[in-house]
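Asks: Take a look at this one; I'll ask things after.
The values are calculated or read from the model by the stated rules, or taken from the named source; none is laboratory data. Keep in mind that this is a model prediction, so the values were computed, not measured. As a convention, Cβ positions derive from the backbone with ideal geometry for all residues, glycine included, and neighbour counts pool all protein chains shown. Note: areas computed on protein heavy atoms with side chains; ligands, DNA, RNA excluded. Shrake-Rupley method; radii C 1.70, N 1.55, O 1.52, S 1.80 Å.
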Amino acid sequence: MKPVRKKILLGLAAVGTLAALSVGIYAYRQVSAFDASMAQVYSTPLPNLGRSTDPAVVARGKHLVESLGACATRDCHSSDLGGGKSLELGPLGTLSAPNITAGGFGGAYSDGELARLLRFGIKRDGRSVRMMPVQDFAWLPDSDVIAMISYLRTVPSVDRPSGPMVVKPLAKILDRRNEFIFDVARRLVNAKPEDIPAPAPSAAYGAYVARLCSGCHGERLSGGPIPGAPPSLPIPLNITPHESGIKDWTYPDFEKLITAGVRKNGQKLNPFMPIEAFAKLDETERRALWAYLQTIPPLPYGQR
């Protein structure tokens with residue numbers, strides 16, 4: 001081998017080694033930061049909120065748990081809230097929503113501990129919950145948090161063990177890059193109270209309802225592949241008013257989508273879409289969400 005060629009190859013090998021080392025160091029730091037954050041015990045006090053036996057409050061709680069909270073879907077806690085099926089997310093890990101009835105975690109939590117979990121994503125032991133999309137509904141007012149707790153206390157106990165929860169290194173790295181939320185409390189512990197508008201079929205209220213969509217469709221709601229997700233997961237669609245999204249849709253088209261799971265072209269949505277929750281939004285929530293989607297920037301597909 002000629003000396004010059006040998007030097008070039010050795011140089012390329014050195015560059016490759018340094019690049020791999022840099023990637024390894026970066027990954028190690030991100031994973032370590034995630035683990036340290038998840039081990040943190042928060043001193044956030046328990047909210048002074050407790051259950052109500054008022055039938056209207058319990059009914060409101062049932063609605064919230066089944067719709068905006070999206071708790072009662074098969075990929076979450078299941079319709080009986082006894083724990084949903086495990087989701088195998090390939091390089092991200094395995095996710096299983098636990099049994100939250102009195103036969104599971106629900107029986108161990110006080111009302112105040114449940115309120116803190118629903119508001120800040122902090123578990124009974126003071127550490128962050130993993131993956132639970134609290135950020136999607138943490139904006140709900142105290143009265144709604146009370147309603148959810150009140151309903152959960154009425155749900156029949158289910159005797160079913162919770163499935164595994166495994167968060168792999170790639171998921172930890174994506175969390176630290178804010179591309180996929182697994183460490184929930186870190187995002188919410190310092191959140192300031194928001195001035196939430198009263199429920200109305202308005203874009204202002206719809207902006208909060210739309211948080212239910214951002215976990216899959218992205219913060220800008222234009223869809224595209226979920227970072228790190230395995231090929232088995234469907235790719236979220238664009239729901240902005242763009243040509244590649246819902247520009248030519250009418251409200252009846254949109255209503256059919258979220259109540260029946262059928263797109264404008266007649267194609268059924270992938271079962272991964274939590275249609276069980278969206279179908280239970282009330283008319284005010286559906287109209288508000290539609291109104292909000294008409295006001296956001298029309299982004300091309302895939303800009304999440």
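Asks: What do you get for the angle between helix 3-39 and the principal long axis of the chain? Use alpha-carbon atoms, 0 to 90 degrees, nearest ten.
Replies: So the helix axis and the longest Cα principal axis differ by about 20 degrees.
Asks: Can you give me the relative contact order of the chain as a percent, contacts being Cα pairs under 8 Å and 6 or more apart? Walk me through the intermediate numbers first.
Replies: Numbers: 550 pairs, mean separation 62.5, N = 304.
Result for the chain is 21 percent.
Asks: Using a basic spin-label model with each label point 7 Å from the Cα along Cα→Cβ, how many nm lie between Thr295 and Asp253?
Replies: Spacing of the two 7 Å Cα→Cβ label points: 2.2 nm.
Asks: Right, another one. Is the stretch 201-304 rounded, prolate or oblate when judged by the Cα gyration tensor, a ≥ b ≥ c being the square roots of its eigenvalues, rounded requiring a/c under 1.5 and prolate requiring a/b larger than b/c?
Replies: rounded
Asks: If you don't mind, there's one more thing I want to ask. Considering only lysines 8 or more places apart in sequence, or on different chains, count the pairs in the chain whose C-alpha atoms sit under 16 Å apart.
Replies: The number of close lysine pairs in the chain is 6.
Asks: Does anyone have the angle between helix 251-260 and the longest principal axis of the chain? Alpha-carbon axes, 0 to 90°, nearest 10?
Replies: Compared with the principal axis, the helix lies near 90 degrees.
Asks: Using the heavy atoms of the protein chains alone and a 1.4 angstrom probe, what is the accessible area of the chain per residue in square angstrom? Please list the in-between numbers first.
Replies: Details: 15440 Å² over 304 residues.
Value returned for the chain: 51 Å² of accessible area per residue.
Asks: Once Rh is set to the Kirkwood radius over Cα pairs, what Stokes-Einstein translational diffusion coefficient, in µm²/s, holds for the chain at a temperature of 37 °C and a viscosity of 0.692 mPa s?
Replies: Answer from the Stokes-Einstein relation: 156 µm²/s.
Asks: Quick one: pull the percent of accessible area on the chain belonging to carbon and sulfur, 1.4 Å probe, ligands and nucleic acids left out.
Replies: 59
Asks: Rounded to the nearest 0.05, what FRET efficiency do Ala279 and Arg124 have when you use their Cβ-Cβ distance and R0 = 51 Å? Before the final figure, lay out each step's value.
Replies: Working: r = 32 Å, r/R0 = 0.62.
Between Ala279 and Arg124 the formula returns 0.95.
Asks: Could you give the nm distance between label points at Val41 and Lys268, where each point is 7 Å from its Cα heading toward the beta carbon?
Replies: Here the modelled spin labels are 5.0 nm apart.
Asks: Follow-up question, since we're still on this one. Between Tyr26 and Glu194, what is the label-point separation in nm under the 7 Å Cα-to-beta-carbon projection?
Replies: Between Glu194 and Tyr26, the label points sit 3.1 nm apart.
Asks: Kindly express, to the nearest 10 degrees and within the range 0 to 90, the angle between helix 142-152's C-alpha long axis and the longest C-alpha principal axis of the chain.
Replies: That works out to roughly 90 degrees.
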